[in-house]
Amino acid sequence: MFRPGWPLTALFLLFPLWWVLGLTSFAFVIFAVPLAVELLRRRGLRVPRGFGTWLLFLAWMLAGATMLWSDAPTGEPGGGGAGRLMVFGFRAAMYLAATVFLLYVVNADERRLPTRRVLRLLGFMFVVTTCGGLLGVVAPGFEFRSVLELVLPHAVAANSFINPMIHPAAAETQNILGYAEGRPIAPFAFANSWGANYSLYLPFFLLAWFGPDAGWRRRLAPIVLLLSLVPVVYSLNRGLWGALGVGILYLALRLAAMGRVWALQAVVAALLLGAIAFVASPLGTMVQARLNAPHSNERRSQLATDTVRNVVEGSPALGFGSTRKVRGSYFSIAGGSTPDCPACGVPPLGTQGQLWMVVFSQGLVGLALFLYFFARRFIAHCRDRAALCIAGCVTLIFWAIELFVYDTLDAPLITVMIAVGLMARMPRTERRAEGAR
């Protein structure tokens with residue numbers, strides 16, 4: 001007999017193994033299956049308020065499959081078929097898996113799946129993310145063929161959509177600063193994915209490793225946190241930096257409103273010490289160089305504008321079901337990237353941010369349903385004084401900011417759903433009692 005919640009334990013504690021196997025992008029869907037089986041055995045399910053809106057979004061998302069073969073006004077014509085259907089299926093599976101994780105956490109009581117256990121699993125993922133980031137800094141060229149990559153047919157393994165997800169690498173080499181620089185990605189597929197996961201696991205790491213029952217973890221927590229700042233800088237993720245800044249400001253305001261002067265002073269002191277150490281190190285120079293090289297701003301802005309315009313003009317209600325390649329280029333009359341201009345290539349419409357993916361794939365109605373559900377969950381807990389609710393709201397703030405710049409459909413969305421589930425299942429009386437303590 002397996003321990004209740006064993007899929008969560010196997011998913012997170014063995015995550016380095018899934019990376020080696022090439023399964024990190026699929027593990028969430030795989031482990032959602034046994035969770036779904038357990039949910040189906042229950043006679044009645046509890047759901048958080050507003051869940052009906054989420055179900056409407058899922059239905060709207062599935063209905064978008066009818067638009068997969070429609071052309072977007074400024075997208076490349078044609079191109080539908082098995083490839084587009086495969087991408088749609090993968091994203092639909094991720095949405096459904098995230099729903100299963102939410103329902104499982106909400107319906108697993110404290111005795112069978114203790115909150116402390118879930119927090120420690122997510123805190124462990126922060127440690128894994130930090131170690132992967134450090135690997136990307138120390139050995140940016142490290143990569144290998146995963147087990148899945150070895151067994152799949154070459155045509156499938158080399159597919160531009162599949163290969164990044166099944167080919168483990170420590171870093172993604174880019175020329176953002178005017179020279180080749182490795183941006184940490186391990187154990188995920190992209191540098192932006194690493195940044196999003198770092199921020200979303202951080203609040204739970206702080207709870208699990210600095211909390212009153214952290215035990216031996218409390219002694220190691222400051223070291224892990226300090227070391228994690230190195231790959232944060234090398235990631236060159238401005239979205240991550242901005243999200244962390246807003247999150248820290250929100251935390252400071254919440255502490256001040258609760259009268260936790262000592263905690264607020266500790267946050268300010270830690271920030272000052274960290275800033276001094278940061279400026280005195282070479283990391284400060286790298287950050288300044290990144291802020292002075294906003295190479296992707298114009299392209300991102302143009303892509304977002306075109307994404308919305310295509311939806312408004314072509315399919316405002318349902319969207320187009322999935323992304324579309326852009327016809328031409330923003331920077332080159334030849335169109336597409338070239339050896340002399342690698343940045344001339346334009347990402348597909350509906351990428352470069354989960355918000356744009358939702359609006360392009362599910363239309364304006366789908367976007368409204370999507371945002372309403374998470375906004376309602378944030379409003380439901382933003383005044384709770386329990387540490388778990390504060391951490392969950394910080395997680396939602398991080399994610400809301402990163403929706404504009406990161407594609408967060410896989411691991412980040414799962415983490416957000418777990419956070420929503422943990423807050424939703426916590427009784428109001430318990431939230432008030434913990435806040436008072």
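The values are calculated or read from the model by the stated rules, or taken from the named source; none is laboratory data. Fair warning: this is a prediction, and the values are worked out from it, not measured in the lab. Note that each Cβ is placed from the backbone with ideal geometry, even for glycine, and that neighbours are counted across all protein chains shown. Note: accessible area is taken over every heavy atom of the protein model, side chains too, but ligands, DNA and RNA are not part of it. Shrake-Rupley method; radii C 1.70, N 1.55, O 1.52, S 1.80 Å.
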Contacts under 7 angstrom Cβ, first residue in segment 379-394 being more than 10 Å from LEU422 (Cβ to Cβ), partner open to solvent by 30 Å² or more (accessible area, probe 1.4 Å) and of a type in the set (Ser, Thr, Tyr), 6 or more apart: VAL394/TYR250
Quick count over segment 3-38, residues being within 17 Å of the chain's Cα centre (by Cα), open to solvent by less than 30 Å² (accessible area, probe 1.4 Å) and either among the β-branched types (Val, Ile, Thr) or farther than 22 Å from ARG120 by Cβ (or both), is 2
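Let's see how each residue does on (1) in contact with a Phe, Trp or Tyr (Cβ under 9 Å, 6 or more places away or on another chain); (2) at pLDDT 85 or above; (3) within 26 Å of VAL137 (Cβ to Cβ):
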residue: PHE205; (1), (2), (3): yes, yes, yes
residue: TRP209; (1), (2), (3): yes, yes, yes
residue: LEU249; (1), (2), (3): no, no, no
residue: VAL268; (1), (2), (3): no, no, no
residue: LEU272; (1), (2), (3): no, no, yes
Only unsatisfied item for PHE126, checking (1) open to solvent by 10 Å² or more (accessible area, probe 1.4 Å); (2) assigned to a helix (DSSP H, G or I); (3) under 24 Å from LEU35 (Cα atoms), is (1)
When only residues in segment 39-62 that are part of a helix (DSSP H, G or I) and open to solvent by 40 Å² or more (accessible area, probe 1.4 Å) count, which is modelled with the lowest pLDDT? LEU40
Any pair with Cβ under 7 angstrom, 6 or more apart, that starts in segment 17-28 at a residue that is within 15 Å of GLY89 (Cα to Cα) and ends at one that is at pLDDT below 95: SER25/MET165; SER25/ALA189; SER25/ASP410; PHE28/ASP410; PHE28/ALA411
For LEU240, state whether it is part of a loop (DSSP other than H, G, I, E, B) and open to solvent by less than 40 Å² (accessible area, probe 1.4 Å). no
Only one of these conditions is not met by PHE190: (1) hydrophobic (A, V, I, L, M, F, W, C); (2) open to solvent by less than 20 Å² (accessible area, probe 1.4 Å); (3) in contact with a Pro (Cβ under 7 Å, 6 or more places away or on another chain). Which number is it? (2)
Could you please let me know if ARG111 is within 26 Å of ARG218 (Cβ to Cβ), basic (Lys, Arg), open to solvent by 10 Å² or more (accessible area, probe 1.4 Å) and not in a helix (DSSP H, G or I)? yes
Residue under question is GLY141, and the condition is that it be on the phi > 0 side of the Ramachandran plot and in a loop (DSSP other than H, G, I, E, B); does it hold? no
Condition (residue is of a type in the set (Val, Ile, Thr), within 18 Å of THR9 (Cβ to Cβ) and touching a residue at least 60 places away in the same chain (Cβ under 8 Å)) applied to segment 81-101: is it met by at least one residue? yes
Subset tally (residues that are open to solvent by less than 40 Å² (accessible area, probe 1.4 Å) and under 29 Å from THR415 (Cβ atoms)) for segment 68-89: 5
Could you go through segment 62-75 and let me know if any residue there is within 22 Å of PHE28 (Cα to Cα) and charged (D, E, K, R). no
Scanning segment 379-408 for residues that are in a loop (DSSP other than H, G, I, E, B) and closer than 25 Å to ASP213 by Cα gives CYS382, ARG383, ASP384, ARG385, ALA386
Against the definition (under 30 Å from TRP69 (Cβ atoms) and modelled with pLDDT of 65 or more), how does LEU227 come out, yes or no? no
Residue, most open to solvent (accessible area, probe 1.4 Å), within segment 215-233, restricted to residues that are part of a helix (DSSP H, G or I) and over 13 Å from TYR198 (Cα atoms): ARG219
